[in-house]
Amino acid sequence: MALENHPMWRLPRHHLDTDDAHDHVHWVELFYDLIHVVIIFLLGNLLSDHLSVSGFFVFTGLFISVWFAWADSSVFNSLYVSTDVKHRLIMASQIVTAMIMAASIPHVLGKGWMYFALAFAANRLITTHLYHRTHSLGVEESRLAHHVSRNFFILSFVFAISAFLPAPYNYVLFGIGVASIQLLYMAPKVGVLNNKRFLPRLGHMSERFALLMLIVVGEGFFKLVITLSQKGIYKVDPSVLVNFMFGGIAVFVQCWIYFDFVGNGKPKNREKRTLVNWWLGHLFLMLSAVMVGVAMAGEVKVGFWEPYPLKYGVIGCIGLASYLLCLLWIQFNIEPRVAHRFATAKVRMIGVFLALFTIPILPYVPSIIGNFLWGAALISQIAIPVTRAYITFSKEELAKNN
């Protein structure tokens, strides 16, 4: 095999310019995802420690920022087949910036902000280099890589400046920078989405979303297990253990309804509106999943007969309602599946109604009642479609046999 054709030495190539591009995620990308296990867990801890309106907005802003950093790197790897040694070293340096971001999160509202903002700026600068390298090597026939590298280069300085400004100006400038990233993708006429070469491998991005979704939903297990282990499993009464097991089943079902109905789903077309909705739908779906994961800690804080911790309950109910709406949002924008015949908008709205209905009664009923209502909102989303599908297919099979 010629050296230039070996994956370790082959130059980055746009997937449209190669015959052997595939949609499977490379191990380097999977390794990059590992640091996001820690980041999402620490973000969940931050929300747990600041269960207030202002704390929620801080958590949301940080989650969106981190998600965009992950997604921008994923988009590059979806556009360009890049597996050579230099690319791997660049990705290693990007992992280091994500590590610093993660370590800064517990103190991000104080002295940790400077470290978070500078690490985020460095992360954007590394993404700049990925695109600049592609452009300078001459493997991109259009101005796509040049335009994207220029955008990230400018914004990396915006994020770096925000590290040294006093509050609240630092947060305002940082937020403007994060919003600008998306505008530079989506803005009419001048946005990168208007470039004909901006065609990520949809199967590859679908797989990236699904893999990160496993991480995000799995954080609920972290909350449950760590909270109970800190409390002492030998100290709690049996009802707490039942709540604990219920929480584990809820996390599993949450993942189940994602993969059955939208997981690994490709957009139904390449229209800009469809791609943007598919993109944003996954962002807010994962944000909602973290909210539900944080609420899981409440399962091991009370037994059957005490009210569910109100702040955890509110976060969990709003998170579940939002999660189901985002599933429906994504479902409308991906290729149709047989499962969509049974997971209709009406079914989703039943779950949304039950989740929101639970909020006002939480302080007045035992947690066993609160869990029953919230659990009905979640489990209905798989029980109703599966039951309907079984009845429908049984009737169709019976009609064929007759």
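The values are calculated or read from the model by the stated rules, or taken from the named source; none is laboratory data. Note that the structure is predicted; figures quoted are calculated from it, not measured. Counting neighbours? That spans all protein chains shown, and the Cβs are built from the backbone with ideal geometry, glycine included. Just so you know, the surface numbers come from the protein's heavy atoms only, side chains and all, with ligands and any DNA or RNA stripped out. Shrake-Rupley method; radii C 1.70, N 1.55, O 1.52, S 1.80 Å.
For trypsin sites (Lys or Arg not before Pro), the sites in the range 89-163 that DSSP calls loop and that have at most 12 other Cβ atoms within 10 Å are K111, R143.
Sorted from longest to shortest, the spans of the Cα atoms of the range 1-85 along the three principal axes equal 59, 21, 17 Å.
Across all directions, the average flat footprint of the convex hull enclosing the Cα atoms of the range 261-396 is 9.1 nm². Here mean projected area of the Cα convex hull in nm² was computed from the coordinates, and among (i) 16.9; (ii) 23.7; (iii) 35.4 the match is (ii). The stretch between I161 and V190 holds 7.9 nm of extra length on full extension. This uses 0.36 nm per residue minus the Cα-Cα distance. Here the range 231-333 exposes an accessible surface that is 69 percent carbon and sulfur, computed with a 1.4 Å probe and the other protein chains kept in place.
Just round it to a whole percent: the fraction of Cα-Cα distances in the range 306-375 exceeding 19 Å. Counting pairs separated by more than 19 Å, the tail of P(r) holds 39 percent. Accessible area per residue for the range 105-146 is 44 Å², calculated with a 1.4 Å probe on protein heavy atoms, without ligands, DNA or RNA. Near I334, the amide H atoms lying under 5 Å from its own belong to K268; only residues 5 or more places off or on other chains count, and H is placed 1.01 Å from N.
Work out the FRET efficiency for T387 and S180 from their Cβ-Cβ distance, taking R0 = 35 Å, and round it to the nearest 0.05. All intermediate terms of the calculation are to be shown ahead of the outcome.
Details: r = 47 Å, r/R0 = 1.35.
With a Förster radius of 35 Å, E is 0.15.
Taking the Cβ of V276 as the centre, find all other residues whose Cβ is under 14 Å away and add up their charges (Lys, Arg: +1; Asp, Glu: -1). Write down the numbers at each step before the final one.
On the way: positive: K268, R270, K272, R273; negative: E271.
That sum, taken over residues with Cβ under 14 Å, equals +3.
Of all stretches in the chain that contain no GluC sites (Glu not before Pro) in a DSSP loop with at most 15 other Cβ atoms within 10 Å, the longest one is 1-140. By accessible area, using a 1.4 Å probe on protein heavy atoms only, the range 1-134 has 71% of its surface on carbon and sulfur. For the range 171-239, the alpha carbon convex hull comes to 162 Å³ per residue, rounded to a whole number. Averaged per residue, the range 274-402 has 44 square angstrom of accessible surface, using a 1.4 angstrom probe with ligands and nucleic acids left out. Expressed in Å, the radius of gyration and Dmax of the Cα atoms of the range 155-311 are 20.7, 62. Between E141 and F56, the simple spin-label model (points 7 angstrom out along Cα→Cβ) gives 5.0 nm. Overall size of the range 6-52 from C-alpha positions, given as principal axis extents largest first: 52, 20, 15 Å.
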